[in-house]
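Each remark here refers to the structure printed beneath this line.
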Amino acid sequence: MFDTDKWNEILEALSANTFRTVLTAFGVFWGIFILVVLLAAGRGLENGVKQGFSGIATNTMFMWTQPTSKAYKGLNQGRQFNYKNADVQALKENFPDLRFVSPRNQLGGYRGANNVTHGTKTGAYTIYGDYPELIQQESMDIIHGRFVNQGDIDQKRKVAVIGQGVITELYTPGEEVLGSYVSVNGVNFLIVGVYKKKGNNNNGNAEEAQKSIFIPFTTFQQAFNFGDTVGWMALTARDGASITELKKGIIEFMKARHDIAPDDERAIGHFDLYEEFSKVNGLFAILKFIAYFVGTLVLLSGVIGISNIMLIVVKERTKEIGIRRALGATPGAIRSQILTESIFLTIIAGMAGIAVAT
């Protein structure tokens with residue numbers, strides 16, 4: 001049952017020394033406020049950074065070739081070499097924990113050449129030769145049509161998937177894109193899909209992220225005379241396996257296939273996305289710990305402040321407590337009265353801290 005007299009007494013006791021009550025409440029308010037703001041700021045920063053990984057298979061590494069740094073088996077230092085189609089199949093057979101082994105080739109765009117034309121318009125774009133599984137490794141959505149499929153790979157179809165940036169520069173407003181053609185270095189490709197990149201790619205430049213063209217890998221090799229050359233690969237490990245743990249074995253395997261010295265650290269270039277993602281996760285785990293630690297200390301200072309005020313209040317009300325005891329009040333009732341005052345003040349201050357921090 002709600003005891004009106006008891007709560008009137010509590011409010012009267014708290015208002016008897018308003019300045020002290022406000023300072024006590026502020027200690028709790030500030031502790032809760034700092035704790036919530038620190039946690040929220042840390043989570044906001046984490047969400048912003050991880051948005052850049054949105055849609056990307058983070059358990060992935062990229063691998064390419066570089067000039068050798070050491071002579072080996074009669075082969076000179078500085079030798080250039082390339083991956084081949086057979087390397088892709090060999091990786092799939094020897095590393096069952098790899099979910100995707102995606103060979104890739106690339107040309108144009110970054111070299112500044114006007115390599116793509118549509119009608120009377122020309123543009124410089126990056127052209128990628130890819131397999132269908134790339135869409136499960138990169139951060140993109142197909143907003144019209146489709147992506148490259150296995151039929152395109154098997155039949156070496158001259159089809160392409162383009163981004164909105166390409167459409168903006170090569171097409172007139174309202175012009176139908178699907179079913180049209182673009183010419184890449186003199187080879188015509190039928191547009192079968194339009195993609196949109198997700199996340200904060202290309203340093204947050206959303207427009208540049210849409211200025212690539214994807215065609216079937218086999219078509220790329222044939223149309224642009226790449227033979228069976230593979231420019232680079234995207235390797236994604238299966239769930240439960242770590243590409244970082246597989247990386248060493250993969251690199252040693254490729255060195256052996258291409259007669260590279262085992263201690264040559266330069267010949268196989270690689271970027272471990274999972275390792276970088278793990279570093280980001282570790283960083284935010286530390287930030288979260290710091291936020292909890294600092295916030296808890298600030299909150300603890302508020303608790304200590306309330307405890308000290310309780311001691312002062314009890315000392316000031318010694319005569320009142322003595323009179324209440326003489327009138328028959330039990331020790332439990334007196335303790336309850338003092339604790340209720342403190343708990344009430346703490347709850348009000350804490351709720352205010354949460355509200356303002358939110």
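Annotations for the structure displayed:
- Looking across the stretch 224-255, the residues that are open to solvent by 50 Å² or more (accessible area, probe 1.4 Å) and farther than 20 Å from A57 by Cα come down to N225, F226, G227, D228, E252.
- Top-ranked residue in the stretch 265-276 [being more than 18 Å from L98 (Cα to Cα) and surrounded by fewer than 19 Cβ atoms within 10 Å (Cβ to Cβ); ranked as modelled with the lowest pLDDT]: E276
- Scanning the stretch 105-121 for residues that are modelled with pLDDT under 90 and part of a strand (DSSP E or B) yields one hit, L107.
- The single condition among (1) at positive phi; (2) open to solvent by 80 Å² or more (accessible area, probe 1.4 Å) that E93 does not meet is (1).
- In the stretch 129-151, the qualifying residues are those that are of a type outside the set (S, T, N, Q) and touching a Ser or Thr at 6+ places or on another chain (Cβ under 6 Å), and the one that is surrounded by the fewest Cβ atoms within 10 Å (Cβ to Cβ) is E133.
- Some residue of the stretch 155-177 being among the basic types (K, R), open to solvent by 70 Å² or more (accessible area, probe 1.4 Å) and modelled with pLDDT under 90: no
- The condition of being part of a loop (DSSP other than H, G, I, E, B) and under 31 Å from the mean Cα position of the chain (by Cα) does not hold for E133.
- Residues considered: F284, F289. Of these, the only one that is open to solvent by less than 50 Å² (accessible area, probe 1.4 Å), over 19 Å from G353 (Cβ atoms), aromatic (F, W, Y) and modelled with pLDDT of 80 or more is F284.
- When residues in the stretch 57-84 are screened for being exposed (fewer than 15 other Cβ atoms within 10 Å of the Cβ) and either modelled with pLDDT under 90 or not in a loop (DSSP other than H, G, I, E, B) (or both), 2 of them pass.
- Pairing residues of the stretch 166-192 that are in contact (Cβ under 8 Å) with a residue 12 or more places away in the chain and within 22 Å of A223 (Cα to Cα) with residues that are assigned to a loop (DSSP other than H, G, I, E, B) and open to solvent by 50 Å² or more (accessible area, probe 1.4 Å), at Cβ distances under 6 Å and at least 6 apart in sequence or on separate chains, gives F189/K158; I191/L178; V192/R146.
- Selected residue (only one of S54, S102 is of a type in the set (S, T, Y) and modelled with pLDDT under 80): S54
- Hits in the stretch 297-335 (condition: open to solvent by 70 Å² or more (accessible area, probe 1.4 Å) and either on the phi > 0 side of the Ramachandran plot or under 45 Å from the mean Cα position of the chain (by Cα) (or both)): L297, L300, V303, I304
The values are calculated or read from the model by the stated rules, or taken from the named source; none is laboratory data. Computed from a predicted model, the values in this text were never measured in an experiment. Glycine gets a Cβ as well: all are built from the backbone with ideal geometry, and neighbour counts include every protein chain shown. The protein model used for the area step is the full one, side chains on, heavy atoms only, and it has no ligands, DNA or RNA in it. Shrake-Rupley method; radii C 1.70, N 1.55, O 1.52, S 1.80 Å.
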